[in-house]
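Read the structure below first, then the notes.
The values are calculated or read from the model by the stated rules, or taken from the named source; none is laboratory data. Since we're looking at a predicted model, the values are computed, not measured. Every residue, glycine among them, receives a Cβ derived from its backbone with ideal geometry; neighbour counts consider all protein chains shown. These area figures cover heavy atoms from the full protein model, side chains too; ligands, DNA and RNA do not enter into them. Shrake-Rupley method; radii C 1.70, N 1.55, O 1.52, S 1.80 Å.
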Amino acid sequence: MLDPGSSKFSSPASPLPAHELKILQEYIHHQNVQIIGEINPLRRKEIMLSNFFKSHKNQTVKLKVHSRNQFTEMMAKTEAVGRDFVILTTLLTKYWVPFRSIVTAEQPFDQVNVPHQQHQQVVYDEDLKQKILLKFGKTVSQKDFLKQQFFEQTLAGHIKSLMNDKLIVETSTARIRSRLLDINAQEILLKEKGGRSSVPWSDILWIEKQRFI
């Protein structure tokens, strides 16, 4: 039983000052990521890229991507990170880039490393809060931004939200401008002027969409 004169708060999680504890926690996290990558060599690339993009959320990153026997450089802001892809945005364009297409990823040396949580959100939707608490599955499944918040979707799962949208699909052989008709486990189905076509997931280097059209 607590002494009435004692503090109502539990003791600190560490004897270290808060700033030192934060550094130690980040170090431990990065060490854990390295260990996980070593024991999962087949997923090492995905694990490392996912960790990199999450630590640079809403920051400008520079990618080198495979593109038809050459490399294409992209510079854009990290919007969201999925299980096997990253969403990047520029002023006019939104990109979905599979991790397997990425050769290297870095933060440009001339970009300021601004923390992605620049302020604390203090205004929230009380109704949404209640729905998440009482009907989590139904509520989250109906909103794409909640899916991104709570689950790491695959590229195939996320692209379902773009049905009938105009897209540019960069593949290992061509650059295709079309509308998205459907997807399945093996390919995406597109509607072009000359009819319909399909593109295997393994051939997709990235997908683009104009943000204001």
*Cα to Cα, under 15 Å, and not fewer than 8 places away if on the same chain: which aspartates and glutamates meet these conditions relative to K54?*
E26, E46, E79, D84, E106, E152
*Step through the residues of the range 152-165 one at a time and calculate ³J(HN,Hα) from phi using the Karplus curve (6.51 cos²θ - 1.76 cosθ + 1.60, θ = phi - 60°), rounding each to whole Hz and writing x for Gly and Pro.*
8, 6, 7, 4, 4, x, 6, 5, 4, 6, 9, 3, 6, 7
*In terms of solvent-accessible area of protein heavy atoms at a 1.4 angstrom probe, what is the ranking of H56, H30, H19, highest value first?*
H19, H30, H56
*asked:* Can you compute 3J(HN,Hα) from phi for each residue in the range 176-185, using the Karplus curve 6.51 cos²θ - 1.76 cosθ + 1.60 with θ = phi - 60°, rounded to whole Hz and x for Gly and Pro?
replied: 10, 9, 6, 9, 7, 9, 6, 9, 9, 5
*Go through the range 64-74 residue by residue and turn each phi into a ³J(HN,Hα) via Karplus (6.51, -1.76, 1.60, θ = phi - 60°); whole Hz please, and just put x for glycine and proline.*
10, 10, 4, 7, 6, 6, 8, 10, 10, 9, 10
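Considering only protein heavy atoms and a probe of 1.4 Å, how much of the accessible area of the range 11-81 is carbon and sulfur, as a whole percent?
So the carbon and sulfur contribution to the accessible surface is 56 percent.
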*asked:* Tell me the net charge near K77. Cut-off is 13 Å between Cβ atoms, K77 excluded, with +1 for each Lys or Arg and -1 for each Asp or Glu.
replied: +3
_Nonlocal amide H pairs with W206, under 5 Å, H built at 1.01 Å_ = E170
_Can you sort L92, L162, L21 by solvent-accessible area, 1.4 Å probe, largest first?_
L92, L21, L162
